[in-house]
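Encoded as structure tokens, the structure appears first; notes follow it.
Computed from the coordinates by the stated procedures, all read-outs in this text should not be read as laboratory data. Please read these numbers as outputs of a predicted model, since none were measured by experiment. Glycine also receives a Cβ, built like all others from the backbone with ideal geometry; neighbour counts cover every protein chain displayed.
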Amino acid sequence: FCGEIAVSKAKYQLEDETIGYFSNGIFIPSQKGGQSRVTITVGHRSTSAYIVTGKTLKELPGMLNQGVEYRLSGRAEGAVRLEQNFGYQDSNSLSFAYSFPYQGETQEGEVPKQGLEMRYLTAPELAAEPEKLSMQVYGSGQLLKLTMDIRGSRGETAAVTIADGSFPLGWQQISVGLPANISYPVQILGFTLENKEEMQEQSGQIYLDDFYYVEKVNYRAEVYQELPQDSLRKSFDRAADIAIFGATGG
């Protein structure tokens, strides 16, 4: 026998009651965000499900309070320091001041690369894989490439692209993901700024601020066993007439 479940008779029990509550079978999330297993019971039968709500944002420590060093390539000039940005929350931001002058081709016909490479003296770490990294970036709309340089626990390195080409104009939030094959914990070594407009002078200043990451959601699914297939169960597109025969009582 198959029948509909009356929502009013269902009871819901959250393992983590801080993420929200149920009202007439509808989940009402709180401002906290997070995940929880929920047990749904009707009569003597119950099943489990999982609820994920909101984004669990966590501040990325050490990005704005560590000592840094930097080096220049080509004919580039510039500096990297922590300074007040007078724009985004008027707080200390990671500042990249750069000047990439026009430099002609070499004798081999190649244009030398110009860049500003910054490294943390003590690399901040990410203990576990995040869903994504988020930061506020301020730029001047010039043709630049900015990467975040990282190293995995096995020594492998990668450059995560933040911008490649037309750099954001003004403050913008940028989110990036880390490579799937990187091993954790991951060290954030620093950033590299490169000139993309090699035949023209570019100079200015960019800021990085407000580093956060979205915690990756991990949950354990219950093993769900389907009921045996009932050969007598049929679906109807219209009302069904049911004939009953044999002796009846009452």
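In terms of overall dimensions, the C-alpha atoms belonging to the range 97-206 reach 44, 34, 25 Å along their principal axes, ordered largest to smallest.
Do any GluC sites (Glu not before Pro) in the range 88-183 lie in a loop, going by DSSP, with at most 12 other beta-carbon atoms within 10 Å of their beta carbon, and if so which?
Details: sites: GLU105, GLU108, GLU110, GLU117, GLU125, GLU131, GLU156; in loops: GLU105, GLU108, GLU110, GLU156.
Here the sparse-neighbourhood loop sites are GLU105, GLU108, GLU110.
Using DSSP to define loop residues, name the chymotrypsin sites (Phe, Trp or Tyr not before Pro) in the range 1-55 whose beta-carbon has at most 14 other beta-carbon atoms within 10 Å.
Those that pass, being in a loop and sparsely packed, are PHE1.
Size estimate for the range 139-182 follows the Kirkwood approach: the inverse of mean 1/r over distinct Cα pairs works out to 11.7 Å.
Could you sort out which of LYS145/LYS216; LYS11/LYS32; LYS9/LYS32; LYS58/LYS132; LYS132/LYS196 sit more than 19 Å apart by Cα distance in this structure? Walk me through the numbers before you get to the answer.
On the way: LYS145/LYS216 27 Å; LYS11/LYS32 23 Å; LYS9/LYS32 28 Å; LYS58/LYS132 11 Å; LYS132/LYS196 26 Å.
From the list (LYS145/LYS216; LYS11/LYS32; LYS9/LYS32; LYS58/LYS132; LYS132/LYS196), the Cα-Cα distance tops 19 Å for LYS145/LYS216; LYS11/LYS32; LYS9/LYS32; LYS132/LYS196.
Computed as a quarter of the hull surface, the mean projected area of the alpha carbon convex hull for the range 24-107 stands at 12.4 nm². Expressed in Å, the radius of gyration and Dmax of the Cα atoms of the range 1-147 are 26.6, 85. Sparse packing (at most 10 other Cβ atoms within 10 Å of the Cβ) combined with a DSSP loop state is found for the following trypsin sites (Lys or Arg not before Pro) in the range 127-208: ARG154.
Electrostatic bookkeeping for VAL68 treats Lys and Arg as +1 and Asp and Glu as -1; over the other residues with beta carbon under 14 Å from its beta carbon, the sum is -1.
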